[in-house]
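Note sheet for the following structure.
The values are calculated or read from the model by the stated rules, or taken from the named source; none is laboratory data. Not measured: the values here are computed from a predicted model. Every residue, glycine as well, gets a Cβ built from its backbone with ideal geometry; the counts of neighbours run over all protein chains shown.
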Amino acid sequence: MITAEWKPIEEMVGYLRGHKKVLVIGCATCVAECAAGGEREVETLAPLLAMAMQNDGNPIEVKSATLERQCEPEFLEAIAEAAAEADAIVSVACGIGMQLVAERYADTPLYPGVNTTSLSIREEPGLWTSRCAACGDCVLGFTFGLCPVARCAKSLQNGPCGGTRTNGMCEINQDTPCIWRLIVERATARGRLEDLTKVRPPKDWSNSPAGGPKRMLREDLRS
Amino acid sequence: MANNSTADFQPQITLLYCRQSLAAEVKPVQGNRAGNGFSVRLVLLPCSSKVQLPHLMRLLEQGSDGLQIAACPEKACQHLVGSNRAEKRIARGRELLEQVGMGAERLGLDRGAGLSLDDLMEMAGQRAEALRALGPNPMKGV
């Protein structure tokens, strides 16, 4: 899922000074799963913003809504009336959903209520960890299903780097397992450790986010 | 009636209490009661874990001066972890209230078993005293 975290409320207050009618919108998909932008979080944030703005000396009227998905145009129509009445929108969806809302309701200023942070899984209740970096050239087939791009602090394509702690954790973050240690362990368990010594073609980084904005075209799906 | 002057501030407390925390012979009650220097609205819950941040924040947005949760002792929760979940939510809620300038003391949780109505009123009174320095909820009457 795409994960996000609330921005500091102080930052949101700064955005909203001068506004009077604010619509807070959430998304019931990824950001709901990571407890940042689903209905529960929207209905918590909306009254908090009202209280924060009251204490800031800039009272606002706050309305709220949670869309099924903010990243699909069809779902955005559900807030057409509320958006028309608002003079600002705060979105707690990921950056994708936020931008679609900003595009659809272009006359109304949109402010982010969250920072979009990663593509993660919920490892356990209250803990989300990265699994994918959307690098555009997946290497999981070589690395026994464990991603060294998203899960190695250095995104090493050959490892371990030598900085693995004696307890198997990363030298950069003691709460993060060294992914190359796990890759080696899985390869060993499958009796295929030799596979890691094979020369692989260079990874194509040109399809990564560093290569500029993506544009994926499928002629067979176009009308 | 809303009271916005600090001098004669009579906090309006909403007390949400777990049904299981009451003594067996105590009949659950709901509704408004007057305390000594405060008033309280009693709300019955099947378990303290039923409290959710959206509900708590809405209550404060709507003008309640303070919220008190009465939960069972840690090892006595009928749902095993219900009161612990409530406690964590309250801790998070207190952090958020501090961030928005409302003051953490507007929200609190205490544990107890075999509680009487007087015990609940005492809890509400303690919450009223804890938040008295903060003054009336600025959202009152908004």
Surrounded by fewer than 24 Cβ atoms within 10 Å (Cβ to Cβ) and within 13 Å of another protein chain (Cβ to nearest Cβ): is that true of A:Gly38 in this structure?
yes
Qualifying strands (runs of 3 or more DSSP E) (wholly inside the range B:16-100; at least 3 residues being surrounded by fewer than 19 Cβ atoms within 10 Å (Cβ to Cβ)):
B:31-34, B:39-45
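Considering only residues that are under 20 Å from A:Pro209 (Cα atoms) and among the aliphatic types (A, V, I, L, M), which ones fall in the range A:114-124?
Hit for the range A:114-124 is A:Leu119, nothing else.
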Restricting the first residue to the range A:118-140 and requiring it to be farther than 18 Å from A:Asn173 by Cα, which pairs with a second residue that is modelled with pLDDT under 95 meet a Cβ separation below 6 Å and a spacing of at least six or different chains?
A:Cys135/A:Ser208; A:Gly136/A:Asn207; A:Gly136/A:Ser208; A:Asp137/A:Lys203; A:Asp137/A:Asp204; A:Asp137/A:Asn207
Show the residue pairs that are 6+ apart or on different chains and have beta-carbon atoms under 6 Å apart, the first residue being within the range B:78-106 and closer than 19 Å to B:Gly135 by Cβ, the second being β-branched (Val, Ile, Thr).
B:Gln99/A:Ile9; B:Val100/A:Ile9
Pull out all pairs, ordered by first then second residue, where Cβ-Cβ is under 8 Å, the residues are six or more apart or on different chains, the first lies in the range B:120-142 and is at positive phi, and the second is of a type in the set (A, V, I, L, M).
B:Gly141/B:Ala2
Please work out if A:Ala88 is more than 14 Å from chain B (Cβ to nearest Cβ), of a type in the set (A, V, I, L, M, F, W, C) and over 21 Å from the mean Cα position of the chain (by Cα).
yes
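One line per residue, one yes/no per condition, for (1) surrounded by fewer than 17 Cβ atoms within 10 Å (Cβ to Cβ); (2) touching a Cys at 6+ places or on another chain (Cβ under 7 Å); (3) within 14 Å of chain B (Cβ to nearest Cβ):
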{"position": "A:Glu10", "(1), (2), (3)": "yes, no, yes"}
{"position": "A:Cys27", "(1), (2), (3)": "no, no, no"}
{"position": "A:Val31", "(1), (2), (3)": "no, yes, no"}
{"position": "A:Val42", "(1), (2), (3)": "no, no, yes"}
{"position": "A:Leu67", "(1), (2), (3)": "no, yes, no"}
Run down B:Leu45, B:Leu53 and say which single residue is away from chain A (no Cβ under 11 Å) and in contact (Cβ under 8 Å) with a residue 24 or more places away in the chain.
B:Leu45
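Residue-wise test of (1) under 30 Å from A:Arg215 (Cβ atoms); (2) buried (at least 20 other Cβ atoms within 10 Å of the Cβ).
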{"residue": "A:Leu48", "(1), (2)": "no, yes"}
{"residue": "A:Ala52", "(1), (2)": "no, yes"}
{"residue": "A:Val62", "(1), (2)": "no, yes"}
{"residue": "A:Ile79", "(1), (2)": "yes, yes"}
{"residue": "A:Gly126", "(1), (2)": "no, no"}
{"residue": "A:Val139", "(1), (2)": "yes, no"}
{"residue": "A:Gly145", "(1), (2)": "yes, no"}
{"residue": "A:Ala150", "(1), (2)": "yes, no"}
